[in-house]
Amino acid sequence: MKTWTDPFCVYVGDRLVMSRLSIDQMKGVFSGEYSLDDAIKEFVLSQLSYRYLLVAADPTARALEKHGLEIAKGQGADLLNSIVG
């Protein structure tokens, strides 16, 4: 997992992982002794999940996305999804 090229992982790191790091872990990130990439990977694998659905047309996909985001409001989706509002 290359967190420096994956916007999702950057958002997860910034919003969900960094705030959970101890002072010693932060010092380790700064010194290179602790891998923030590994911490993000562990968080994603242990705390997050997703589902997907293949659809035939873009309008259907957009409508489903909008519906899903409405359902996710107030459940933390706004932390990672800038179009939730």
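Scanning the stretch 14-53 for residues that are modelled with pLDDT under 90 and small (Gly, Ala, Ser) gives a single hit, Ser49. When Ala72, Ala57 are checked against the criterion of being modelled with pLDDT of 85 or more and over 20 Å from Asp6 (Cα atoms), Ala57 stands alone in meeting it. Does Val29 satisfy the criteria of being surrounded by 10 or more Cβ atoms within 10 Å (Cβ to Cβ) and under 22 Å from Asp6 (Cα atoms)? Spelling it out, Val29 is indeed surrounded by 10 or more Cβ atoms within 10 Å (Cβ to Cβ) and under 22 Å from Asp6 (Cα atoms). Within the stretch 49-63, the set of residues being outside any helix (DSSP H, G or I) and either β-branched (Val, Ile, Thr) or within 16 Å of Arg15 (Cα to Cα) (or both) comprises Val55 only.
The values are calculated or read from the model by the stated rules, or taken from the named source; none is laboratory data. Treat the numbers as computed from the prediction; the structure is a model and nothing was measured. Ideal geometry is used to build each Cβ from the backbone, glycine not excepted, and the neighbour counts take in all protein chains shown.
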